[in-house]
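Student: Structure below; questions to follow.
The values are calculated or read from the model by the stated rules, or taken from the named source; none is laboratory data. Computed from a predicted structure; not experimentally measured. Backbone-built Cβ (ideal geometry, glycine too); neighbour counts: all protein chains shown. When the accessible area is computed, the model is the full protein with side chains, heavy atoms only, and any ligands, DNA or RNA have been set aside. Shrake-Rupley method; radii C 1.70, N 1.55, O 1.52, S 1.80 Å.
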Amino acid sequence: MAAPVEARPTVTLVTSDLKGSTALGERLDPEALREVLNRYFAVMRAVFESHGGRIEKIIGDAIVAVFGLPEPAEDDALRAVEAAAESMRALATLNDELEAGWGVRLVTRTGVASGEVTFGEDLEGQHVLLGRTVDVSGVMEQNAPPLEVLIADTTRALVADSVEVEAVEPVSPKGSDERLEAFRLVSVRGREGHLEQVAATAQAVAARDTRRTVTLVFALAKAHSTTGEEAGAGVLRDVMSRYFDAMRGALEHHGGTVEKYIGDAVMAVFGLPFRHEDDAIRAVRAASDMQAALGSLNEAFRSEFGVELEGHIGVNTGEVIATGDASSAQRLVTGDTVNTAARLEQAAGAGEIVLGELTRRLAGIEAEVEAIPPLTLKGKAEPVPAFRLVALGHRSSTTSATPFVGRAAELGRLNEALGDAVAGRRARLVTVVGDAGVGKSRLIREFADGAGATATVLRGRCLPYGNGITFWPLNEAAAGVAMIDAGDSPPVAIEKLRTLVRQTNPSLAAEDATAIVDRVAAAINLTTVQFPIAELLWGARRLLETLAHERPLAFIIDDLHSAESTFLDLLDAVVGTESGVPIVLLCSARRELLERHADWSQAHAADTITLTPLSDDEAGAVVGELLGALDPSVRERIAAAAEGNPLYLEQIVSMLVETKAIERDGDRWVARAGTD
């Protein structure tokens, strides 16, 4: 409701609208979309406010900035045009960040108009702007080319001496025959001293607090003498400098950012400035690499200085307050999550990594952990669960509480592909695509359990980042079937590969066996010998064909959406060659595959199974299987909340039981009294 006090000042309005947000929402999960939009609005706010404007309102994806309220200035129109131009440059820089972090780019259209507006104040103290100038600014925006600024004649007349514009065809409001003169902004002439003032204001605007969910790594190094003599300050300074360099390398390799050094401790954050859906496991992998790097450092430290370091690491996930510019190092990350990360580090023994509860959950099957006694922390009413990292690596879940429901047709297609490969002695490729938690892994496990009776089943996964990851699925599969241990030296691993090839196909010529092993060893980084890509593909294909010589081969490849193009070429080479052996390449992928590798996905559309959410009846059946006898209203509410996602069903049921939101009433589960 507007207050009765009104005024009619002359202002300049900038309307900027973000286009394609619906498509953006289809590409990003809700949290990622929220972070992208928050980052966009924060940058736009900084630009407009640094030029003296005021964000009047944000309507959906549109920003309306006003120049001339509450106090007018002679150069309001020019400031507005400068801000509009600057917003385009800022968006170009932001888009580089968004593409690197989320694989998306934003498109805006911007309109500028000057004139009188009618305004009052609503009950919350915000301005309510009305009048023709508001409408004209909107018309300019609606007709502006993508990533450009369209200026009304009312503004052009005020800034003509300071800008270069290009006349375009007159534009009309929707549903009107009125024709409005419009001009495309080409450039703005700089003003002496103005940029310095803008930069100072922008820095102040950027220094606002933001809340983000991140994963923190807190590591402490304790120095001990191995000779009984105390190390001097110079020695410790050299040791710690080399330690910090190695730790920074491990953290940055996995996408972390070192926030600060505190004495002998280092704190790093995963999730700022860019969030990745796997930040938690990235942080755990980084922590593992840090401890491994420290082992190598200590060999040198003991021989050079008679000193060794003990590494204690805590990893914790949660919400933090980031003060300052989240896109640069000029920020301060604070909050309870930081304090808990430090306490987890204190609970870690020498060489240990201790994880918080949420980190453990997010790391999932990637991390093998064991519970340690809950930590009693200052300010916490209840002890905080903590877990010691035992091992790190991709482990296929062998059991699941979730029953196999509603995927009979899809399982039938997988079994049919295997049968066809065996009957035709040829290679088949099938890709299972679906959102996280929709049941890809469970479907594939059901297939693998059945196929294992007649076929050799291998498994590997595509990694989203890192060095030497192109053939990583082959690396994992070969290590599994050849029984290559993580501690094996390259010569030992190569000999195990050679033995595998000879035993699997004794009739293979010795020179062929050697050629295959040499090229596979190069592909999976067991040797520094270089081969052309075509030869690496040949060697990898021939290895798979060799493994399928006596027994059908089912090669399961997880996370194909993270695959390098060269690995996709390998899949094509396998299915495109008449090898005379039965091979099934079974891939799982999220929907990002369809965008990241659109041409490849289209070419294999006929061999793609898209998993959709379970129906209401199927979801209800899953809940019933998980809990047994259950009050119907509770079953319906759980099924509705999970929206047909099997993983969410399992997690919601687990949460409800753990929090006692549902409880036993005789032989059935019911909602606890007072629970919504």
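Student: Answer yes or no as to whether T577 is surrounded by fewer than 19 Cβ atoms within 10 Å (Cβ to Cβ) and β-branched (V, I, T). It would help to see each step written out before you state the result.
Tutor: Details: surrounded by fewer than 19 Cβ atoms within 10 Å (Cβ to Cβ): yes; β-branched (V, I, T): yes.
Judged against the criteria, T577 is a match.
Student: A further question follows. Filter the stretch 171-180 down to the residues that are in a loop (DSSP other than H, G, I, E, B) and under 16 Å from S137 (Cβ atoms), then identify the one that is most open to solvent (accessible area, probe 1.4 Å). Even if it seems obvious, please write down each step before you answer.
Tutor: To start, the set of residues in the stretch 171-180 that are in a loop (DSSP other than H, G, I, E, B) comprises 172-179.
Now narrow it down to the ones that are under 16 Å from S137 (Cβ atoms): 172-174, 176, 178.
On the way: S172: 35, P173: 32, K174: 178, S176: 46, E178: 72 Å².
Ranking the candidates gives K174 first.
Student: With the requirement that a residue be part of a helix (DSSP H, G or I), of a type outside the set (A, V, I, L, M) and open to solvent by less than 80 Å² (accessible area, probe 1.4 Å), what does the stretch 598-623 give you?
Tutor: Residues of the stretch 598-623 that are part of a helix (DSSP H, G or I), as a first pass: 598-603, 605-607, 616-623.
Subsequent filtering for residues that are of a type outside the set (A, V, I, L, M) retains 599-602, 607, 616-618, 620.
Scanning the stretch 598-623 gives W600, S601, D607, E618, G620.
Residues are listed down the side, and each one gets a yes or a no for (1) of a type in the set (G, A, S); (2) outside any helix (DSSP H, G or I); (3) at pLDDT below 95:
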| position | (1), (2), (3) |
| --- | --- |
| T528 | no, yes, yes |
| W538 | no, no, no |
| L544 | no, no, no |
| R551 | no, yes, yes |
| A554 | yes, yes, no |
| L568 | no, no, no |
| D572 | no, no, no |
| T577 | no, yes, yes |
| V584 | no, yes, no |
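Student: Ok, one more. Out of (1) surrounded by fewer than 19 Cβ atoms within 10 Å (Cβ to Cβ); (2) in contact with a Leu (Cβ under 7 Å, 6 or more places away or on another chain), what's the single condition that is false for L375?
Tutor: Condition (2) is where L375 drops out.
Student: May I ask you to list pairs of residues, at least six apart or on different chains, whose Cβ atoms are under 6 Å apart, with the first in the stretch 128-140 being among the polar types (S, T, N, Q) and the second being part of a loop (DSSP other than H, G, I, E, B)?
Tutor: T133/V117
Student: So, D559, is that one open to solvent by 10 Å² or more (accessible area, probe 1.4 Å), among the acidic types (D, E) and touching a residue at least 40 places away in the same chain (Cβ under 8 Å) or not?
Tutor: Details: open to solvent by 10 Å² or more (accessible area, probe 1.4 Å): yes; among the acidic types (D, E): yes; touching a residue at least 40 places away in the same chain (Cβ under 8 Å): yes.
Considered against the rule, which asks whether it is open to solvent by 10 Å² or more (accessible area, probe 1.4 Å), among the acidic types (D, E) and touching a residue at least 40 places away in the same chain (Cβ under 8 Å), D559 comes out as yes.
Student: In the stretch 74-113, what count of residues is obtained for those that are among the β-branched types (V, I, T) and either more than 31 Å from the chain's Cα centre (by Cα) or open to solvent by 10 Å² or more (accessible area, probe 1.4 Å) (or both)? Steps first, answer last, please.
Tutor: Let us first name the residues in the stretch 74-113 that are among the β-branched types (V, I, T), namely 81, 93, 104, 107-108, 110, 112.
The next check asks that each one be either more than 31 Å from the chain's Cα centre (by Cα) or open to solvent by 10 Å² or more (accessible area, probe 1.4 Å) (or both); those that pass are 81, 93, 107, 112.
Going through the stretch 74-113 one residue at a time, the tally reaches 4.
Student: Is it true that G412 is at pLDDT 90 or above, surrounded by fewer than 17 Cβ atoms within 10 Å (Cβ to Cβ) and in a loop (DSSP other than H, G, I, E, B)? If you could, list the steps in order and put the result at the bottom.
Tutor: On the way: at pLDDT 90 or above: yes; surrounded by fewer than 17 Cβ atoms within 10 Å (Cβ to Cβ): yes; in a loop (DSSP other than H, G, I, E, B): no.
The answer is no for G412.
Student: Additional query: Search the stretch 46-73 for residues being buried (at least 20 other Cβ atoms within 10 Å of the Cβ) and modelled with pLDDT under 85, and hand back the single one that is nearest to S16 (Cα to Cα).
Tutor: Out of the qualifying residues, it is E56.
Student: Take the residues of the stretch 379-402 that are modelled with pLDDT of 65 or more and part of a loop (DSSP other than H, G, I, E, B): which is nearest to R445 (Cα to Cα)?
Tutor: Selected residue: G393.
Results for (1) open to solvent by less than 20 Å² (accessible area, probe 1.4 Å); (2) touching a residue at least 40 places away in the same chain (Cβ under 8 Å); (3) not β-branched (V, I, T), shown as yes or no for each residue.
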site	(1), (2), (3)
V433	yes, yes, no
G480	no, no, yes
Q503	no, no, yes
A513	yes, no, yes
T527	no, no, no
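Student: Residue check: is F531 open to solvent by 20 Å² or more (accessible area, probe 1.4 Å) and of a type in the set (F, W, Y)?
Tutor: Taking the combined requirement at face value, the residue satisfies it.
Student: Identify all residues within the stretch 442-477 that are among the small types (G, A, S), open to solvent by less than 30 Å² (accessible area, probe 1.4 Å) and not in a loop (DSSP other than H, G, I, E, B); write none if there are none.
Tutor: Going residue by residue through the stretch 442-477, those that are among the small types (G, A, S) are 448, 450-453, 455, 460, 466, 468, 477.
Imposing the further condition that a residue be open to solvent by less than 30 Å² (accessible area, probe 1.4 Å) reduces the set to 448, 451, 455, 460, 477.
Of everything in the stretch 442-477, those that are among the small types (G, A, S), open to solvent by less than 30 Å² (accessible area, probe 1.4 Å) and not in a loop (DSSP other than H, G, I, E, B) turn out to be A448, A451, G460, A477.
Student: Please state which one of A363, A348 is at pLDDT 90 or above and open to solvent by less than 50 Å² (accessible area, probe 1.4 Å). I'd like the intermediate steps shown before the answer.
Tutor: Details: A363 fails: at pLDDT 90 or above.
Answer to the check: A348.
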